[in-house]
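A.B. asks: One structure is given below, represented as structure tokens, and several questions about it will come after.
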Amino acid sequence: MSTSKGLIILGNTGVGKSFLGNLILREEAFVHECSPDSVTHETEFREYADSQIKFSIFNIPGLIEDDQQAVERNKVQIYKAFELRPQSVVAFVFSGGAGGRLRDEDIVAFQAINNAYLFKTESLLLIINDLPPQRSNTYEGATIMKLKNLLNLRYVNVCFLNRIDTRSQAEINSLREQLLKHVILCFPHVHTKKSNIELTTDLVRKLKEESKRAQQQFQNQLTQLQDQVKEMQKKYDDLQHQTKRQPEVHHHYHAGSVPVPPVYSASAGGYGNTPLLHPSNPGSPAQVARICSALGIRK
């Protein structure tokens with residue numbers, strides 16, 4: 001078993017996994033292009049390291065496709081990533097390109113993989129990618145609540161990434177900074193396959209219908225949940241305000257730049273004893289508590 005840590009980027013075809021991997025690496029390591037078919041067919045990874053950071057970034061084929069043979073191939077590639085780097089942070093990417101609406105196929109894919117590996121909250125990052133910059137001022141709060149409800153997760157770490165002009169280096173740098181500030185709140189966990197990924201093309205259709213009904217049911221309840229949505233939005237906004245005051249996370253990342261939650265010991269819960277990015281001075285207990293509270297992470 002490898003002792004190296006990984007950042008395993010999962011999600012369906014076309015959600016931007018390759019782009020986000022390249023964003024962190026600052027190079028075009030993974031192929032990404034506009035295509036009606038999947039671009040990535042095999043698991044690939046690149047090593048990333050600087051003075052404070054060292055891990056392998058994985059780019060993996062999307063799970064759901066129309067052809068069952070392709071789905072089975074993709075399952076094998078997902079298994080391969082966890083075999084190569086069992087101790088990893090998992091980043092699951094949802095598409096936000098349809099006006100910010102969560103796609104049923106993304107919900108289905110996450111649930112299928114999560115059922116096989118039972119991801120720990122502390123090692124899981126949910127990314128909503130390619131969002132329209134102009135959206136409801138309670139979008140993040142409502143979406144966090146929806147994800148917790150649909151995915152049956154009590155705690156979530158969600159990163160909302162806007163659609164950017166990829167010709168603008170300033171926008172690229174800002175997006176990378178935002179993504180890394182969420183990654184550092186994750187702790188690598190040793191993931192072992194509890195069961196196979198159970199998914200067929202026929203089952204996908206059935207599960208997508210179930211997801212559609214569940215999303216509609218939650219949407220109907222939102223009018224009664226406005227107070228909770230506003231509270232969740234305030235927590236999210238407070239977190240963004242606090243992290244914007246912190247120095248940038250980049251190749252010259254220095255100790256103490258971003259608070260992180262307390263370290264979980266391996267004996268206490270089986271988590272890696274350091275986060276992916278671990279400043280030697282992680283900030284005051286009050287700072288840590290505010291970050292954890294905003295993300296809904298247990299200390």
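A.B. asks: Could you please tell me which pairs satisfy a Cβ distance under 9 Å, a separation of 6+ or placement on different chains, a first residue in region 13-30 that is free of Cβ contacts under 8 Å to residues at least 24 places away in the same chain, and a second residue that is in a loop (DSSP other than H, G, I, E, B) and acidic (Asp, Glu)?
C.D. replies: Note: pairs meeting the criteria are Asn22/Glu28.
A.B. asks: Out of everything in region 44-58 that is of a type in the set (S, T, N, Q) and modelled with pLDDT under 85, what residue ends up being surrounded by the most Cβ atoms within 10 Å (Cβ to Cβ)?
C.D. replies: Gln52
A.B. asks: Turning to a different aspect of this structure: Please work out if Ile78 is part of a helix (DSSP H, G or I) and touching a Ser or Thr at 6+ places or on another chain (Cβ under 6 Å).
C.D. replies: So Ile78 fails the test.
A.B. asks: While we're here: What's the total number of residues in region 104-148 that are without any contact (Cβ under 8 Å) to a residue 24 or more places away in the chain and in contact with a strand residue (DSSP E or B) (Cβ under 8 Å, 6 or more places away or on another chain)?
C.D. replies: 0
A.B. asks: Which numbered condition in (1) farther than 23 Å from Phe119 by Cβ; (2) part of a loop (DSSP other than H, G, I, E, B) is the only one that Ser195 fails?
C.D. replies: Checking Ser195 against (1) farther than 23 Å from Phe119 by Cβ; (2) part of a loop (DSSP other than H, G, I, E, B), the one that fails is (1).
A.B. asks: Please give the number of the condition Ser38 fails out of (1) among the hydroxyl-bearing types (Ser, Thr, Tyr); (2) at pLDDT below 80; (3) closer than 21 Å to Glu177 by Cβ.
C.D. replies: (3)
The values are calculated or read from the model by the stated rules, or taken from the named source; none is laboratory data. Everything numeric here is computed off the predicted structure, so don't read it as measured data. No Cβ is skipped: glycine too gets one built from the backbone with ideal geometry, and neighbour counts run over all protein chains shown.
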